[in-house]
Amino acid sequence: MARSLAGFLVLLLVVSICEAASLFQPVSDSHRSAALELFTPDHGSFKSLEETYEALRTFQIFGIEKKPDVTASACRSISETVGSSTSTSKDLFYALKANSIAECKIHETASKGIISSLNAAVSAASSLLDFYYSVGGLVLIKDQSSKDDIHLADAEGVFRSVKAFSQSDGRWRYSSSNPESSAFAAGIALETLAGIVSLASSELDQSLISTLKNDISKLFDSIEKYDDGTLYFDDKLVDGYEYQGPLSITSSVLRGLTAFAAVTTGNIDLPRDKILGLAKFFLGIGVPGDAKDFFYQIDALACLESNRVSIPLILSLSSAVLSLTKKDSLKVRVTTVLGSNAPPLTVKLVGAFSSVSKDASLVESQELKFDQGSGLHILNDLLKSIDVGSYTFVFEVVLQEPEDEKVYVMGSQTKVPIFVTGLVKIENSEIAVLDSDLGSVESQNKLDLTAKNDVSLSANHLQKMRLSFQLTTPRGRAFRPHQAFLKLRHESKVEHIFVVGNSGKQFEIVLNFLGLVEKFFYLSGKYDMELTVGDAAMENSLLVAIGYIELDLPEAPEKAPRPPPQPVDPYSRYGPQAEITHIFRAPEKRPPQELSLAFLGLTILPLLGFFIGLLRLGVNMKNFPTKPIPATFAVLFHVGIGAVLLLYVFFWLKLDLFQTLKVLGFLGVFLVFVGHRILSHLAAASAKLKSA
Amino acid sequence: MGRTSSKEDAGALFHSLRSAYAATPVNLKIIDLYVGFAIFTALIQVVYMAIVGSFPFNSFLSGVLSCFGTAVLAVCLRIQVNKENKEFKDLPPERAFADFVLCNLVLHLVIMNFLG
């Protein structure tokens, strides 16, 4: 009977592990220093009152000292906004919010002016944001000034007007004209309604409050969740500009909820683990990098830290990795979200389950000892019974005072992933070359895998190589690491990797070279051997060189696959390229200059022969005209021809065609004219002779 | 009779040619001499090219073609000036000479351009 019950309980525990284990940390010092970095004022002042308020609030939550120049510039902009008559209710709202922290003095007349303008704004308000700013401003000025008689004229009427914006699913609209509803608006509405309740001069109708509580429950029904147990609110993405994002939406809802809880009596009926889920959401973000996101996170956590609904408590571990060699003890801390102390409680370790085989718990249910000085719950001697590996530890927190149960909320069970590391013993490692057929050992070497080895073996393709070793955990059990590889690398940088298999503690790999000849691309030569054994739980993971083996493989046949080309260093293309030697066309062989000159002379010879022949023929100049005019034309004609020939010589020597043609044009015209004159004269003379 | 006849015939042919040529007018003989000079110059250029190779081929061509061109033009002049040529009876020889000069000048412009 008891055994079946125990078994049933174990089954229940196992089923509950379906939810993922995760570790959440409360706000830490890194948050604080990030806050100082993110919220840096520009010459002591921030860009707007909204940002000033966000920075001041963040510093206030962290307990960071107010810097005088920041406060002074904040006071300046606050008094400017407050004193100006053109400030909108939004400006006044943020100025007063910043002032609630900066605590600057506001003048009597100025505060009177604010109150009257805000009251006017309340009466004239038509949208949710108008109500939010004006009511919020009135609440703030009531706290800050000494007056007690700041009340809303018609609190119930204002309440109903704001309530008119609500939807049936718990969300709120921004205005009557805009049909889009959002959870962000719901948060704003709740804050506004809380402000109205606090400003009301008399008790409001309780039915209004209870319908509002129903709305809150409906709103929380639409909460969304992630696998690790975090809960958040999100709106439909309709318009990119208006969309806020889950962080700011959830923060707004939380602010509204806690503000409302603070002003109402009685409880708000909410499932308490929803608050815990929201706390996990904000803590799971870590440290945001944006100032606005940072403010939303920290403001929401401050709301969670002290509120009337329920205060979440977070269980965290300083380190999720325990080392067997260092004999670490399990240290657990339970705090509020901002890291403050929790009320008296006891932490019990209910079970530890291996992630590999989810069997029964490896440890009994035991209580952790609370150390008053450090505020930690410690369990020593845990590791005596646990081996290396990854586990899920299940904790249960029980509050010691029964009244605290109403105030604080703690999850039923917290599952935390824990890693236990230790030294894994490697023993009996040896490498041997065997003869394939007989299995007899040809050569054998003992290895020491903790240091570099220099074994040199040689084998041919008919033999086998065997590598074996044993792995044992600190508790003496078999250990299966994530990585157990043997790598053979050829001289030409071609690599082959083999996985080392195991049976129990014994790890062994046998390389039969006869079957591997083709895989090795028939490359004979020296192969470096390297063994890798690694696991996250192993403190002494190793990557060790064993030595080398000289392999004698047969010649590659024609169709054998070539080894893959080794990767070329991609940056080598930016290095110097190969030299290119330009091969110019060899200049033609010219004849020796004497030969050319000789032939030049030889070419003149026929000209001389021509002149001699002319003389022998009895050439005379008898027909040359004697009269002056024809004589000059005759002379000019010859001069013209000579000039053209001279022009041709210059053309060959230095002129280009266009210049030559230009000059030739002039000379040609001249020559034609002159030639025509003299030749017609000669023709007339010979015609006269013929007729005569 | 038959064996020496070819030799004698050749000699007789040669003599008759020589005497007939002596009868041509002087201006035609001048033109013939000019043509011979041009051809001879061309031959010398070809012999030079045969010895040293035709490397600047354009120069060789322009030199040889100028000689042949001017020889051709001189032959045209001779045809037109020859009084026994009935075809060109009405063409005055000065006109033919003017054509010869003009064509030669154009030929030599082209030759000079091609000479390089």
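Would you mind stating whether A:ALA631 is open to solvent by less than 100 Å² (accessible area, probe 1.4 Å) and away from chain B (no Cβ under 14 Å)?
Working: open to solvent by less than 100 Å² (accessible area, probe 1.4 Å): yes; away from chain B (no Cβ under 14 Å): yes.
Criteria met by A:ALA631.
Would you mind finding the one in A:ALA342, A:ALA360, A:ALA302 that is open to solvent by less than 50 Å² (accessible area, probe 1.4 Å), in contact (Cβ under 8 Å) with a residue 60 or more places away in the chain and in contact with a strand residue (DSSP E or B) (Cβ under 9 Å, 6 or more places away or on another chain)?
Values: A:ALA360 fails: open to solvent by less than 50 Å² (accessible area, probe 1.4 Å); A:ALA302 fails: in contact with a strand residue (DSSP E or B) (Cβ under 9 Å, 6 or more places away or on another chain).
Every option except A:ALA342 fails the conditions.
Name the strands (runs of 3 or more DSSP E) wholly inside region A:416-487 in which the number of residues that are farther than 21 Å from A:SER541 by Cβ, touching a helix residue (DSSP H, G or I) at 6+ places or on another chain (Cβ under 7 Å) and basic (Lys, Arg) is 1 or more. Spell out how you get there, then give the answer.
Numbers: elements: A:425-435, A:441-446, A:455-460, A:463-472.
Here the list reads A:463-472.
Please specify each residue of region B:33-65 satisfying the condition of being more than 9 Å from chain A (Cβ to nearest Cβ), open to solvent by 20 Å² or more (accessible area, probe 1.4 Å) and touching a residue at least 24 places away in the same chain (Cβ under 8 Å).
Selection gives B:VAL35, B:ASN58, B:SER59, B:LEU61, B:LEU65.
Conditions (1) among the acidic types (Asp, Glu); (2) over 41 Å from the mean Cα position of the chain (by Cα), marked per residue:
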residue	(1), (2)
A:PHE353	no, no
A:GLU367	yes, yes
A:ILE378	no, no
A:SER385	no, yes
A:SER390	no, no
A:LEU399	no, yes
A:PRO402	no, yes
A:VAL409	no, no
A:LYS425	no, no
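Name the one entry in A:PRO554, A:PRO561, A:PRO565 that is out of contact with any Leu (no Cβ under 9 Å at 6 or more places or on another chain) and without any contact (Cβ under 8 Å) to a residue 24 or more places away in the chain. Don't jump to the end; show me each part of the working.
On the way: A:PRO554 fails: without any contact (Cβ under 8 Å) to a residue 24 or more places away in the chain; A:PRO561 fails: without any contact (Cβ under 8 Å) to a residue 24 or more places away in the chain.
Among A:PRO554, A:PRO561, A:PRO565, only A:PRO565 is out of contact with any Leu (no Cβ under 9 Å at 6 or more places or on another chain) and without any contact (Cβ under 8 Å) to a residue 24 or more places away in the chain.
Please go through region B:66-116 and pick out each residue that is of a type in the set (A, V, I, L, M, F, W, C), open to solvent by 40 Å² or more (accessible area, probe 1.4 Å) and under 18 Å from B:GLY36 (Cα atoms).
B:PHE68, B:VAL72, B:VAL75, B:CYS76, B:ILE79
Conditions tested, residue by residue: (1) closer than 26 Å to A:VAL70 by Cβ; (2) outside any loop (DSSP other than H, G, I, E, B); (3) at pLDDT 85 or above.
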position	(1), (2), (3)
A:SER85	no, no, no
A:ALA95	yes, yes, yes
A:ILE106	yes, no, no
A:ALA110	yes, yes, no
A:LEU118	no, yes, yes
A:LEU129	no, yes, yes
A:VAL135	no, yes, yes
A:VAL139	yes, yes, yes
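What is the residue count in region A:644-660 for residues that are within 11 Å of chain B (Cβ to nearest Cβ), within 20 Å of B:ALA98 (Cα to Cα) and not β-branched (Val, Ile, Thr)? Break it down into steps so the answer makes sense when it comes.
Taking region A:644-660 as the starting set, the residues that turn out to be within 11 Å of chain B (Cβ to nearest Cβ) are A:644-645, A:647-653, A:655-657, A:660.
Now narrow it down to the ones that are within 20 Å of B:ALA98 (Cα to Cα): A:644-645, A:647-648.
Still in the running and not β-branched (Val, Ile, Thr): A:645, A:647-648.
Residues that pass the stated criteria total 3.
Answer with yes or no whether A:LEU682 is farther than 18 Å from B:PHE100 by Cα and within 11 Å of chain B (Cβ to nearest Cβ). Explain how you work it out, then say what you get.
Numbers: farther than 18 Å from B:PHE100 by Cα: no; within 11 Å of chain B (Cβ to nearest Cβ): yes.
Criteria not met by A:LEU682.
Look at region A:452-470 and say how many of its residues are under 39 Å from the mean Cα position of the chain (by Cα) and open to solvent by less than 40 Å² (accessible area, probe 1.4 Å). Show your work before the answer.
Taking region A:452-470 and keeping what is under 39 Å from the mean Cα position of the chain (by Cα), we get A:452.
When the remaining residues are screened for being open to solvent by less than 40 Å² (accessible area, probe 1.4 Å), the result is none.
Looking only at that region, the number is 0.
I need the full set of residues from region B:66-95 which are more than 10 Å from chain A (Cβ to nearest Cβ) and more than 16 Å from the chain's Cα centre (by Cα), in order please. Lay out the reasoning, then the answer.
Residues of region B:66-95 that are more than 10 Å from chain A (Cβ to nearest Cβ), as a first pass: B:66, B:68-91.
B:LYS83, B:GLU84, B:ASN85, B:LYS86, B:GLU87, B:PHE88, B:LYS89, B:ASP90, B:LEU91 - these are the residues of region B:66-95 that are more than 10 Å from chain A (Cβ to nearest Cβ) and more than 16 Å from the chain's Cα centre (by Cα).
I'd like the residue in region A:1-42 that is in a loop (DSSP other than H, G, I, E, B), of a type in the set (A, V, I, L, M, F, W, C) and at pLDDT 70 or above and, out of all such residues, is farthest from A:PHE395 (Cα to Cα). Reasoning before the result, please.
Kept after step one, since they are in a loop (DSSP other than H, G, I, E, B), are these residues of region A:1-42: A:1, A:17-28, A:39-41.
Checking the rest, the ones that are also of a type in the set (A, V, I, L, M, F, W, C) come to A:1, A:17-18, A:20-21, A:23-24, A:27, A:39.
Filter again for at pLDDT 70 or above, leaving A:21, A:23-24, A:27, A:39.
Values: A:ALA21: 11, A:LEU23: 12, A:PHE24: 14, A:VAL27: 21, A:PHE39: 38 Å.
Filtering first and then ranking leaves A:PHE39.
For A:LEU615, all conditions in the list (1) surrounded by 13 or more Cβ atoms within 10 Å (Cβ to Cβ); (2) more than 26 Å from B:LEU91 (Cβ to Cβ); (3) within 11 Å of chain B (Cβ to nearest Cβ) hold save one; what is the number of the exception?
(1)
The values are calculated or read from the model by the stated rules, or taken from the named source; none is laboratory data. A quick note: this is a predicted structure, and the numbers were derived from the prediction, not measured. For neighbour counting, all protein chains shown are included, and Cβ atoms are generated from backbone atoms with ideal geometry for every residue, glycine included. To get the accessible areas, we keep the full protein, side chains included, count just its heavy atoms, and leave off ligands, DNA and RNA. Shrake-Rupley method; radii C 1.70, N 1.55, O 1.52, S 1.80 Å.
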